1. Can you find even one residue in the range 236-254 that is open to solvent by 10 Å² or more (accessible area, probe 1.4 Å), of a type in the set (Asp, Glu) and under 13 Å from the mean Cα position of the chain (by Cα)?
2. Would you be able to tell me the number of residues in the range 233-255 that are closer than 16 Å to Val86 by Cβ, modelled with pLDDT of 95 or more and touching a Pro at 6+ places or on another chain (Cβ under 9 Å)?
3. Does Ala84 count as open to solvent by 10 Å² or more (accessible area, probe 1.4 Å), modelled with pLDDT of 90 or more, under 21 Å from Ile152 (Cβ atoms) and outside any strand (DSSP E or B)?
4. Name the single residue, out of those in the range 184-202 being in contact with a strand residue (DSSP E or B) (Cβ under 8 Å, 6 or more places away or on another chain) and crowded, with 21+ Cβ neighbours inside 10 Å, that is farthest from Gly142 (Cα to Cα).
5. Looking at (1) modelled with pLDDT of 95 or more; (2) open to solvent by less than 20 Å² (accessible area, probe 1.4 Å), find the lone condition where Ala110 falls short.
6. What are the pairs with Cβ atoms under 7 angstrom where one residue, in the range 201-220, is over 27 Å from Arg9 (Cα atoms) and the other, located anywhere, is modelled with pLDDT under 95 and assigned to a loop (DSSP other than H, G, I, E, B)? Sequence gap at least six, or different chains.
7. Answer yes or no: is there a residue in the range 137-146 that is open to solvent by 60 Å² or more (accessible area, probe 1.4 Å) and more than 21 Å from Ala193 (Cα to Cα).
Amino acid sequence: MNSNPRQIRLLDLVQARGTMTVEQLAETLGVTLQTVRRDVQRMADAGLLARFHGGVRLPGSTTENIAHRQREVLHAEGKARIAAAVAAQVPDGCSLILNIGTTTEAVAKALLRHRGLRVITNNLHVATILSTNPDCEVIVAGGVVRARDWGIVGEAAVDFIRQFRVDIALIGISGIEADGTLRDFDYREVKVAQTILQQSRETWLAADHSKFHRPAMVELARLGQIHRLFTDAPPPEPFPALLAEAGVRCEVAGG
């Protein structure tokens, strides 16, 4: 579905609070109950929200992420701005690792005009996108392919990544919690991402505003392990202080 600005704000509200009643949404958005119910129904049909009696919540939990196709359209404009900001900082002729996620896929699209890149990835979407750039060498990790998002996970992928040492690791994440932990849903994906961090000289995190305060089950890293954060809106409290304490350079794309 093509979400309008009101529906995008509705999603942001539900993501920030976890659950909301129809009445709360109508009051906050300044629209009628009928409008909210219509928006909620449309977004539930698209799998972006889950309805319960009198209210709405996100369809997933701390144990399961939103489906890949739904994540592609969720905050797509913000991800595009993040991708452009990242691409502007990636020099030609460098080596990178890009991991699983729709934000890293947006970055791959933004890198199509770069020259002399060597990109290692465990994301078949990223590999497909960047293989159309004749000035980019793409190396795909071996391992188990997850059918739901074409991500490559497992011990074979971990062993493959360990062969390399790259200039920049560009990772996406499912959630950043208020204690400074970066979290995701699949422990097999997390193991690969942790190896990516170990094999990189510099680590960049690309995360749209919805990832702040979003819970997920498995700890991937802490903010202190990240050098740069690219996001699409100023981070909410308590993250400015956490980022400063960890020495993370934060760039708000388009801000």
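1. no
2. So the count comes out to 2.
3. no
4. It comes out as Asp184.
5. Only one criterion in (1) modelled with pLDDT of 95 or more; (2) open to solvent by less than 20 Å² (accessible area, probe 1.4 Å) is unmet by Ala110, namely (2).
6. Val218/Phe185; Leu220/Ile173
7. Looking for residues that are open to solvent by 60 Å² or more (accessible area, probe 1.4 Å) and more than 21 Å from Ala193 (Cα to Cα), one finds none in the range 137-146, hence no.
The values are calculated or read from the model by the stated rules, or taken from the named source; none is laboratory data. Note that the structure is predicted; figures quoted are calculated from it, not measured. Positions of Cβ are backbone-derived with ideal geometry, glycine not excepted, and every protein chain shown enters the neighbour counts. Each accessible area value is taken on the protein alone, full model and side chains, heavy atoms only, with ligands, DNA and RNA left out. Shrake-Rupley method; radii C 1.70, N 1.55, O 1.52, S 1.80 Å.
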